[in-house]
Amino acid sequence: MQENGKGQGSLARRMALIAAGWIAVLLLGGGFALDRTLAGMVRSNFDDQLEYVLTALIASAEIQAGGEVYLYSQLGDQRFLEPNSGVYWQISGPGEETLPSRSLWDRTLDVEGDHFDSEPHFFDSDQFPTEHLRMVERTVILPGSETGWTFAVASATGELDTQIARIRSILAWSFAALGLGLFAMTLLQIRYGLSPLRRVRAAIQKLRTTGANRIDEPLPTEVQPLVQEVNALLEHTERQAAEARTHAGNLAHALKTPLTVLTNAATAHAPDLGDAVIRETRTMQRHVDHHLARARAVGRRAMGRSRAPVRQSAEAVRRAVERLYPDKRIDIAGNPKAEVLMERQDLDEILGNLIENAAKYGGGSVFVTVDAEPDAEQCVVWIEDDGAGIPPEERSRIFDRGARLDTGKPGTGLGLAIVRDVAQIYGGSVSMGESEDLGGLLVELSLPRAT
């Protein structure tokens, strides 16, 4: 996966870096803890061996008739008999002659015997230049003596250090191999885990090259929401393209007849050519205005889910209509917080057509109810007037383009057709009935509610 422009980089690289970081932290932390534990166990075992020798040394010591200490049995480790062997023992007391092991030869151990150690006391010593010693001492009063004898056992730590170094080397190589193995498994997991995304890319490429209209390849559950959204987008795009083709065809068909009439009149040099041009161009203008209104609504809907306050839009329309019809009374009531999912400009156009028609054809009063059915899924707006109304058999025809019941008043007959088409584009509807309160026409406008 490659970075594209100023993108966020590779998803696989991010996952690999995160995994590498966690592997390093866990292995370093685990290795440090295991090193401390194993090294501590080796040192503890080393001290246990020294304490065992110290106990055997104390058990073998007795006091001679002259008050000197001696061993009635030698310790089993032959290294105590070899000079400078690295393991030593020594028995000493204040004012008494020191009894050393033969391995000390002409040296003595510097003990910390200026105090009474009733329990084994371990410490490190660098008293011999060529050897680092680990020592344990204990003060004991032997039977037949009042002297506090200090028994000391020492061992060079070269073997101990070698064991710890060997353990650390094994740990280092083992954890390095483990880390590399885990990282390799992580890379394989990332490659396998992200393979559905590559399949999605291949499926989209197939859509582009073969002309298919959806992704049907079975994919993992985690990728299905993405595939569903892609399919929904493709369906939406295809629907918009179909709508565009339909509208273009309808417009072409609607313009074909007026153009034919004008062509025939011009070819025949008809005496009423001027009247024909005016009449047919008005017809074409109505068609163009209608389709432009639909195109604007479709374009604004495709831009996103906007929210429009119904009460504010109705108030703005009322102020404009009252300037055109100052003798009309327009009242607005209902939910002041109701909002619908559409562009404010389209809502103004819909309400403007409906309220203006009610004022134009009504008797003098118009009543607008915002959110007339609060429990309904959609936001319902009622526009009522006190006019003569529209017969039931004419209510469906009035929404056709150019349909007008009262030809005595100016207009193009496009208002209700635009209202119906724009409402349907946003998922709404418009219908007509009879007003129970005012006795005239009731227009019920339903639009998707913004929650």
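The values are calculated or read from the model by the stated rules, or taken from the named source; none is laboratory data. Since this is a predicted model, take the numbers as computed values, not measurements. A quick note on method: Cβ atoms are made from the backbone with ideal geometry, for glycine too, and the neighbour counts reach across all protein chains shown.
Pairs are defined by a Cβ separation below 7 Å, a sequence spacing of at least 6 or placement on different chains, a first member in the range 344-355 that is on the phi < 0 side of the Ramachandran plot, and a second member that is in a helix (DSSP H, G or I) and among the polar types (S, T, N, Q); the pairs so defined are Arg344/Ser313; Leu347/Ser313; Asp348/Ser313; Leu351/Ser313.
The set of residues from the range 415-432 being in a strand (DSSP E or B) and among the aliphatic types (A, V, I, L, M) comprises Val430, Met432. Among the conditions (1) within 60 Å of the chain's Cα centre (by Cα); (2) modelled with pLDDT under 85; (3) more than 30 Å from Pro196 (Cα to Cα), the only one that Thr37 does not satisfy is (2).
Here is a yes/no grid of residues against (1) closer than 18 Å to Leu28 by Cβ; (2) assigned by TED's automatic domain parsing to the domain that holds Trp22; (3) not in a loop (DSSP other than H, G, I, E, B):
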position: Arg168; (1), (2), (3): yes, yes, yes
position: Ser174; (1), (2), (3): yes, yes, yes
position: Phe183; (1), (2), (3): yes, yes, yes
position: Gln189; (1), (2), (3): no, yes, yes
position: Arg201; (1), (2), (3): no, no, yes
position: Thr209; (1), (2), (3): no, no, yes
position: Val230; (1), (2), (3): no, no, yes
position: Leu233; (1), (2), (3): no, no, yes
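Answer yes or no: is there a residue in the range 249-272 that is modelled with pLDDT of 80 or more, more than 30 Å from Ala20 (Cβ to Cβ), surrounded by 12 or more Cβ atoms within 10 Å (Cβ to Cβ) and in contact with a Leu (Cβ under 8 Å, 6 or more places away or on another chain). Yes, the conditions are met somewhere in the range 249-272.
Scanning the range 76-92 for residues that are closer than 21 Å to Asp110 by Cβ and aliphatic (A, V, I, L, M) returns Val87, Ile91.
When Arg43 is tested against (1) under 60 Å from the mean Cα position of the chain (by Cα); (2) free of Cβ contacts under 8 Å to residues at least 60 places away in the same chain, exactly one condition is not met: (2).
Mind counting the residues in the range 412-451 that are among the aliphatic types (A, V, I, L, M) and under 14 Å from Glu377 (Cβ atoms)?
Of the range 412-451, the ones among the aliphatic types (A, V, I, L, M) are 414, 416-419, 422-423, 425, 430, 432, 438, 441-443, 445, 447, 450.
Adding the requirement that they be under 14 Å from Glu377 (Cβ atoms) leaves 447, 450.
Residues meeting the conditions: 2.
Where residues in the range 303-349 are polar (S, T, N, Q) and outside any loop (DSSP other than H, G, I, E, B), which of them is surrounded by the fewest Cβ atoms within 10 Å (Cβ to Cβ)? Show your work before the answer.
To start, the set of residues in the range 303-349 that are polar (S, T, N, Q) comprises 306, 312-313, 335, 345.
So of that shortlist, the ones also outside any loop (DSSP other than H, G, I, E, B) come out as 312-313, 345.
On the way: Gln312: 16, Ser313: 24, Gln345: 14.
Ranking the qualifying residues of the range 303-349, first place goes to Gln345.
Close Cβ contacts (under 6 Å, 6 or more residues apart or on different chains) running from residues in the range 409-428 that are more than 22 Å from Tyr325 (Cα to Cα) to residues that are assigned to a loop (DSSP other than H, G, I, E, B) and at pLDDT below 85 comprise Ala417/Arg401. Only a single criterion out of (1) surrounded by 13 or more Cβ atoms within 10 Å (Cβ to Cβ); (2) more than 15 Å from Ile91 (Cα to Cα) is not satisfied by Phe151, namely (2). Only a single item in (1) in a helix (DSSP H, G or I); (2) outside the structural domain of Ile23 (by TED's automatic domain parsing) is not met by Asp216, and it is number (1).
Number of residues in the range 115-144 that are loosely packed, with under 13 Cβ neighbours inside 10 Å and closer than 27 Å to Ser44 by Cβ equals 8.
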